[in-house]
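Here the structure is laid out as structure tokens; the discussion comes afterwards.
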Amino acid sequence: MKPIGIIMNGVTGRMGTRQHLERSIMAIRNQGGLTLANGERLMPDPILLGRNEEKLRTLAQQFGIERWSTNIEACLADPYNEIYFDSQTTLRRAADVKKAIEAGKHIYCEKPTAVTSEEALELARLATEKGVKNGVVQDKLFLPGLLKLKRLIDNGFFGDILSVRGEFGYWVFEGDWQPSQRPSWNYRKEDGGGIIVDMLCHWRYVLSNLFGKVNALSCYGKTHIPTRYDEDGKAYQVTADDAAYSTFEIEGGIVAHINSSWNVRVNRDELFELQIDGTEGSAVAGLRNCKVQHRVNTPMAIWNPDLPDKNNYREQWIEVPMNGDEDNAFKIQWEMFLDHVVTDAPYRFDLLEGAKGVQFAELGLKSWQQRRWLDIPELTLDVKKEGSIDGVK
């Protein structure tokens with residue numbers, strides 16, 4: 001059994017605790033470690049890093065973890081810790097990732113990797129120059145619903161894909177009469193908040209990995225609820241967008257539109273759903289489920305508002321089976337990255353991919369500001385001899 005030290009910075013937050021610590025690293029430990037591609041068994045050994053000593057101590061006791069610290073320099077100086085993971089707020093991430101790269105640690109972090117695409121590209125360049133392996137969380141690709149959808153695409157189920165329509169979101173309580181489900185910083189632009197910055201990074205890797213290169217986008221943001229209440233019940237003004245309405249032009253003529261909102265009451269089967277329509281068939285994929293309708297099973301719909309519609313459209317779709325074990329999407333990607341670090345197994349979700357997500361969000365904000373479509377330049381990482389970077393072609 002080979003141990004590997006992992007610095008986990010920011011895991012006292014909601015996502016860091018639930019998805020990365022509990023459902024990924026602790027789940028791997030509880031299953032007896034991870035069997036690598038070379039047959040070796042790997043045991044993650046986390047050290048919890050943060051700014052709040054009390055929260056760290058409590059979290060470590062809860063999960064039976066012996067190591068925790070508030071000193072990032074000491075954690076990075078310890079050669080036992082080979083990997084640095086970051087799930088802090090967006091504004092704090094890039095500076096600490098840079099420190100970890102300089103210390104020679106392999107990097108795995110949440111998205112967005114930085115506030116600007118320039119800063120995100122700089123992280124990718126530094127990691128490349130230092131020769132450290134690096135990865136960015138792109139969890140939705142490993143959700144059961146999207147894995148089923150990918151299988152349909154790979155097997156040609158749709159014929160020619162025509163369009164993609166997505167709905168994401170739910171009602172986030174304002175925090176006055178009922179506690180909010182999201183932290184207040186999500187709604188302050190000055191703290192790195194906003195749904196465009198948060199969600200367009202996701203839509204970039206979902207669309208490009210499933211359907212093809214995204215060539216252009218149009219995005220309209222909105223702050224629907226101007227006043228919310230923070231964790232102490234104090235009212236504050238919302239300075240970030242809480243909804244985004246985005247359209248994307250994908251190679252091959254595919255049109256995609258995704259609504260993202262924290263102000264929508266759910267009338268769908270899951271909090272996130274994509275409908276894909278093609279010449280041979282259609283599918284509706286969510287976080288866990290996926291259902292299809294082939295052209296030979298498509299009912300005849302006739303528009304006549306004067307008569308009751310005899311079709312029960314929801315019942316005319318067929319569920320796609322998983323045909324395998326379902327595992328946590330974050331855990332799946334953690335296992336892939338750990339295998340990559342130790343055995344050099346293939347891994348493509350690196351910091352450059354993270355920078356492309358930041359670029360997506362940046363262009364979404366710019367499109368909203370300028371009220372127009374924007375082409376998406378190709379983002380590359382060309383490290384020149386003098387050390388400069390040419391990031392856009």
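I'd like the full set of residues that are assigned to a loop (DSSP other than H, G, I, E, B) and surrounded by fewer than 11 Cβ atoms within 10 Å (Cβ to Cβ), limited to the range 299-321. Can you show your working first?
From the range 299-321, those assigned to a loop (DSSP other than H, G, I, E, B) are 299-312, 317, 320-321; that's our starting set.
Residues satisfying the conditions are Met300, Ala301, Ile302, Trp303, Asn304, Pro305, Asp306, Leu307, Pro308, Lys310, Asn312, Pro321.
Are there any pairs, at least 6 apart or on different chains, whose C-beta atoms fall under 6 Å, with the first in the range 51-69 and of a type outside the set (A, V, I, L, M) and the second surrounded by fewer than 18 Cβ atoms within 10 Å (Cβ to Cβ) and outside any helix (DSSP H, G or I), and if so, which?
Glu53/Thr70
I'm told Ser246 meets every condition in (1) in contact (Cβ under 8 Å) with a residue 60 or more places away in the chain; (2) within 18 Å of Phe168 (Cβ to Cβ); (3) surrounded by fewer than 19 Cβ atoms within 10 Å (Cβ to Cβ); (4) among the polar types (S, T, N, Q) except one. Can you identify the failing condition by its number?
(3)
Tally time: how many residues in the range 243-291 are assigned to a strand (DSSP E or B), β-branched (Val, Ile, Thr) and in contact with an Asp or Glu (Cβ under 8 Å, 6 or more places away or on another chain)? Give the derivation first.
So the first thing to find is which residues in the range 243-291 are assigned to a strand (DSSP E or B), and the list is 243-250, 254-261, 263, 272-278, 281-286, 290-291.
Subset that is β-branched (Val, Ile, Thr): 247, 250, 254-255, 258, 276, 284.
From the residues that got through so far, the ones that are in contact with an Asp or Glu (Cβ under 8 Å, 6 or more places away or on another chain) too are 255, 258, 284.
Summing the residues that are assigned to a strand (DSSP E or B), β-branched (Val, Ile, Thr) and in contact with an Asp or Glu (Cβ under 8 Å, 6 or more places away or on another chain) in the range 243-291 gives 3.
Each row is one residue, and each column tells you yes or no for (1) in contact (Cβ under 8 Å) with a residue 12 or more places away in the chain; (2) surrounded by 12 or more Cβ atoms within 10 Å (Cβ to Cβ).
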position: Gly32; (1), (2): no, no
position: Asn38; (1), (2): yes, no
position: Leu42; (1), (2): yes, yes
position: Leu48; (1), (2): yes, yes
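Can you name the number of the only condition in (1) over 19 Å from Ser24 (Cβ atoms); (2) at pLDDT below 95 that Ile376 fails?
Of (1) over 19 Å from Ser24 (Cβ atoms); (2) at pLDDT below 95, only one is false for Ile376: (2).
Answer yes or no as to whether Thr70 is of a type in the set (Val, Ile, Thr), surrounded by fewer than 18 Cβ atoms within 10 Å (Cβ to Cβ) and modelled with pLDDT of 95 or more.
Spelling it out, Thr70 is indeed of a type in the set (Val, Ile, Thr), surrounded by fewer than 18 Cβ atoms within 10 Å (Cβ to Cβ) and modelled with pLDDT of 95 or more.
Could you check, for the range 2-17, whether at least one of its residues is modelled with pLDDT of 95 or more and over 19 Å from His106 (Cα atoms)?
Among the residues of the range 2-17, at least one is modelled with pLDDT of 95 or more and over 19 Å from His106 (Cα atoms), which makes the answer yes.
Any residue that is of a type in the set (Lys, Arg), touching a residue at least 60 places away in the same chain (Cβ under 8 Å), closer than 21 Å to Asp191 by Cβ and surrounded by fewer than 20 Cβ atoms within 10 Å (Cβ to Cβ) - is there at least one of those in the range 73-93?
yes
Restricting the search to the range 100-109, which residues are out of contact with any helix residue (DSSP H, G or I) (no Cβ under 6 Å at 6 or more places or on another chain) and surrounded by fewer than 24 Cβ atoms within 10 Å (Cβ to Cβ)?
Glu102, Gly104
So, Val296, is that one modelled with pLDDT of 95 or more, among the β-branched types (Val, Ile, Thr), assigned to a loop (DSSP other than H, G, I, E, B) and over 17 Å from the mean Cα position of the chain (by Cα) or not?
Judged against the criteria, Val296 is not a match.
Any residue in the range 249-260 that is within 14 Å of Tyr205 (Cα to Cα) sitting within a Cβ distance under 8 Å of a residue that is of a type in the set (Phe, Trp, Tyr) and assigned to a strand (DSSP E or B)? List the pairs, counting only those 6 or more apart or interchain.
Short answer, once both residue conditions are applied: Ala256/Phe248; Ile258/Phe168; Ile258/Phe248.
For the range 219-233, state whether one or more residues are surrounded by 14 or more Cβ atoms within 10 Å (Cβ to Cβ), within 21 Å of the chain's Cα centre (by Cα), within 30 Å of Leu152 (Cα to Cα) and not assigned by TED's automatic domain parsing to the domain that holds Cys109.
yes
How many of the residues in the range 136-181 are in contact with an Asp or Glu (Cβ under 9 Å, 6 or more places away or on another chain), aromatic (Phe, Trp, Tyr) and more than 28 Å from Leu338 (Cβ to Cβ)?
3
Which condition number does Lys366 fail, the rest of (1) more than 24 Å from Pro3 (Cα to Cα); (2) touching a helix residue (DSSP H, G or I) at 6+ places or on another chain (Cβ under 6 Å) being met?
Among (1) more than 24 Å from Pro3 (Cα to Cα); (2) touching a helix residue (DSSP H, G or I) at 6+ places or on another chain (Cβ under 6 Å), the lone unmet condition for Lys366 is (2).
When residues of the range 114-173 are filtered for being outside any helix (DSSP H, G or I) and modelled with pLDDT of 95 or more, how many remain?
Count: 28.
I need the full set of residues from the range 82-102 which are assigned to a loop (DSSP other than H, G, I, E, B) and over 17 Å from Pro46 (Cβ atoms), in order please.
Within the range 82-102, just Thr89 meets the criteria.
Test of understanding: among Glu190, Glu174, Glu167, which residue is acidic (Asp, Glu) and buried (at least 20 other Cβ atoms within 10 Å of the Cβ)?
Answer to the check: Glu167.
Hey, any hits in the range 85-102 for a residue that's touching a strand residue (DSSP E or B) at 6+ places or on another chain (Cβ under 8 Å) and of a type in the set (S, T, N, Q)?
yes
The values are calculated or read from the model by the stated rules, or taken from the named source; none is laboratory data. Note that the structure is predicted; figures quoted are calculated from it, not measured. Every residue, glycine among them, receives a Cβ derived from its backbone with ideal geometry; neighbour counts consider all protein chains shown.
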